[in-house]
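Values quoted throughout were computed directly from the atomic coordinates according to the rules given, and no laboratory measurement underlies them. Computed from a predicted model, the values in this text were never measured in an experiment. FYI the Cβ positions are ideal-geometry reconstructions off the backbone, even for glycines, and counts take in every protein chain you see.
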Amino acid sequence: MDPNQNQQTFNLNSNSNPHQYVFNTPRAPYQGQPESSLQQQQPLPQFESFPQPQPSTQSSLHQTLQSNPHDPYKNKTIHNLPSRDHVRSFFSGNFIQNIKHLDMAPTSAVPSQLNFITGNKNKLAEVQAILEGVIELRNQNVDLVEIQGTVEEVTRDKARRAAEAIQGPVLVEDTCLCFKAMNDLPGPYIKWFMLALGPLELHHMLDGFDDKSAQAVCTFAYCEGPGHEPVLFQGRTDGKLVASRGPTVFGWDSCFEYGGTGQTYAEMEKSEKNKISHRGKALDKLKGWLARRVDV
Ligand SMILES: O=c1[nH]c(=O)c2ncn([C@@H]3O[C@H](COP(=O)(O)OP(=O)(O)OP(=O)(O)O)[C@@H](O)[C@H]3O)c2[nH]1
Ligand SMILES: [Mg+2]
C-alpha cells in the first residue's frame, strides 16, 4: 500500500446488492488549496483504479462547489462524499456491471408518505393514479431551476435542489421527448419547444426529416434529504411524432403516437396510457424498489 495514502473501506450496499469498495485517500492536502481551507475538511475520497482528476481539477471543482449559490453542497462539509466527477465516472465505468439498480441506497427507510415535487398537475394526476394503493403521495410545487445536461444529470440535480429546498425526502421527475432524427434532441428541453410551438405545431419540428420516430422518457429520482445521492428510476416508450390527434390537454400527448397501438397518447384511455407509458414503466421500477424499503 502507498505510504502516502490512507485506506478506507465503504459499504455502498443495498439489501440485494451488498458491495464494499476500498478508497485510497491521500494524506497530503491537495495542491493549490490553502492549508487553512482544509482544517475542518478531510480530503475527498478517491475511487481506487479510476483515472484520478489532476490536482488543479480538484481545486477548481472545490471552488465551483463553494461559489455556486444554487449548489446544495455549498458550505457543507463534503469529506464523506465522493466528488460528483467521481460518482459520474463510477456509474459510467466498469462497476456499473455489478450494480443492478442505481441505488446507492438511502440509509434510512423511505417514509410512508412520499413528497412529490412538481408544478405539473397532469403529471401529478398520473403519478397519483399509478401509485394509488401503493404509497400515499403528497405534493409540493417548488419552483426548481433545471440545469442543462443529460436527463439523468437534470433529474439528479432537480432532486438535490428539491431536497435542499424542503429539507427532507423528495420524489421528483423529469420527462423527455427524444427525436431519433435529431439524435435525441430536444430531450429534456421539450418543455420549451412545447411552450413555443404548442401541440398543433410541434410535429413541424421533423418536417424535412423522413424518420419521425420518437421516444418518451421519464426519469424519477428519490432523494432522502440534503446531501444524499438521488436514486433514479427510468422508463422509455417508443413511438413517433405525428400531427396532433385527440384532446390537447396534456403537453405533447396528442402528438405522440404509441408504436404498439397506432393511437396517440391523447387518444388512449388514461388507464391504458398508464400501462404502457414512459411514466408507468418508470413507476413500476419505483414500486418494486419501494416494496423493499417503505417504512410502514
Ligand atoms: O404529452 C405529454 N405527456 C406526458 O406524459 C408528459 N410528461 C411531461 N410532459 C411535458 O413535457 C415537458 C416536461 O418537462 P418537465 O419534466 O420539466 O415538467 P414540468 O416542468 O412541466 O414539471 P416539473 O418539472 O415541475 O415536474 C413539459 O412540457 C410537460 O408538460 C408530457 N407531455
Ligand atoms: Mg420542469
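Odds and ends about this structure:
- Here the simple spin-label model places points 7 Å from the Cα toward Cβ, and for S271 and D211 these points are separated by 3.8 nm.
- Relative packing of 282-290, 213-221, 231-239, which averages over residues the other C-beta atoms within 10 Å, highest first: 213-221, 231-239, 282-290
- Ranked by the mean number of other Cβ atoms within 10 Å per residue, highest first, peptides 272-278, 145-151 order as 272-278, 145-151.
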